[in-house]
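What follows is a short report on a single structure.
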Ligand SMILES: *Cc1c(COP(=O)(O)O)cnc(C)c1O
């Protein structure tokens, strides 16, 4: 008997594992496992969301013109070169699906975002995993991995869960030395936390094969609403729009994102709080003897002695109702990725780990 068979690669996909959000028996759970903004979204965004309740019978705009205009105004970009999606994950799906398929290769780095190999297989392509150097994307290694089959290179900058950055000169070299038929994706989910970094705007501006992706899930505090955007050459945006569903974003999503992007005061306040608490958390972790790189995101990767010690520290945090992220699946069995919270939350993490160290 013949059977229904999924496309090649689909059954090789290991389902994405999100950060834990529940702890049995704990009432006052502090979730620091998904890099969410401790302050939540801008009050202006909350207000427009409430107003949208009376408009839910209306279909949304298909061209996202108002949101693209707002993003363009705030960032000084041509709105025609912007595309919006259901989280930046959807934009990553568009670009991998549009430019790669069976027989092709998609390069990502070993500590890159865990969605990258999933997205490659969703497109029917083969994910190619490249080593990093001291937890930083190694441009030489990426270039060495390029073959005639390479179609897309996915780079998170700052990286997750490392928090490290590729410096500008290396990014330019990567863009220069990649074959011109390969798409370079610069995933800028944490751009706003990395002072002075443009997210890859300049490279995307100048080159037909570079896509920058950004999100409303991290500094904008709207992870629950699912909104992201991308910036690339007009031709690439035209390609991506052809595989985008016309009603991919609701009016609720677009209105909230527009209000959020227009409230840059909120973004600045959140970035300042993060920088302050990130420095405090990094310093305290180092003092406790954990290895930490300087992070440019809204999280810190603490590396402990080994997997057993990471498990013990995680258990001590959970006993106090604190959820952080184990990152064994990102190649750090000895690691804990801790989202930077507000002052009180960061204090809770530091106190708990200090007591655990003293008891151990
Ligand atoms: C959180 C994150 C994203 C954002 O995903 P959304 O779909 O926009 O919520 C993208 N890339 C990386 C590396 C991330 O950590």
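Read-outs throughout are calculated quantities, based only on the coordinates presented, and are distinct from any laboratory measurement. For clarity, every value in this text was computed on a predicted model and none was experimentally measured. Virtual Cβ from ideal backbone geometry, glycine too; neighbours counted across all protein chains shown.
Some observations on this one:
- In summary, strands (runs of 3 or more DSSP E) completely within region 77-139 and bearing 3 or more residues that are within 16 Å of the ligand (Cβ to nearest atom) and in contact (Cβ under 8 Å) with a residue 40 or more places away in the chain occur at 82-85, 105-109.
- Residue-level check: of (1) crowded, with 22+ Cβ neighbours inside 10 Å; (2) under 23 Å from residue 71 (Cβ atoms); (3) within 14 Å of the ligand (Cβ to nearest atom), residue 194 misses just (1).
- Pick from region 24-55, criterion surrounded by 19 or more Cβ atoms within 10 Å (Cβ to Cβ) and under 17 Å from residue 222 (Cβ atoms), ranking: nearest to the ligand (Cβ to nearest atom): 35
- Flag: residue 126 does not match the condition of being more than 22 Å from residue 15 (Cβ to Cβ) and surrounded by fewer than 24 Cβ atoms within 10 Å (Cβ to Cβ).
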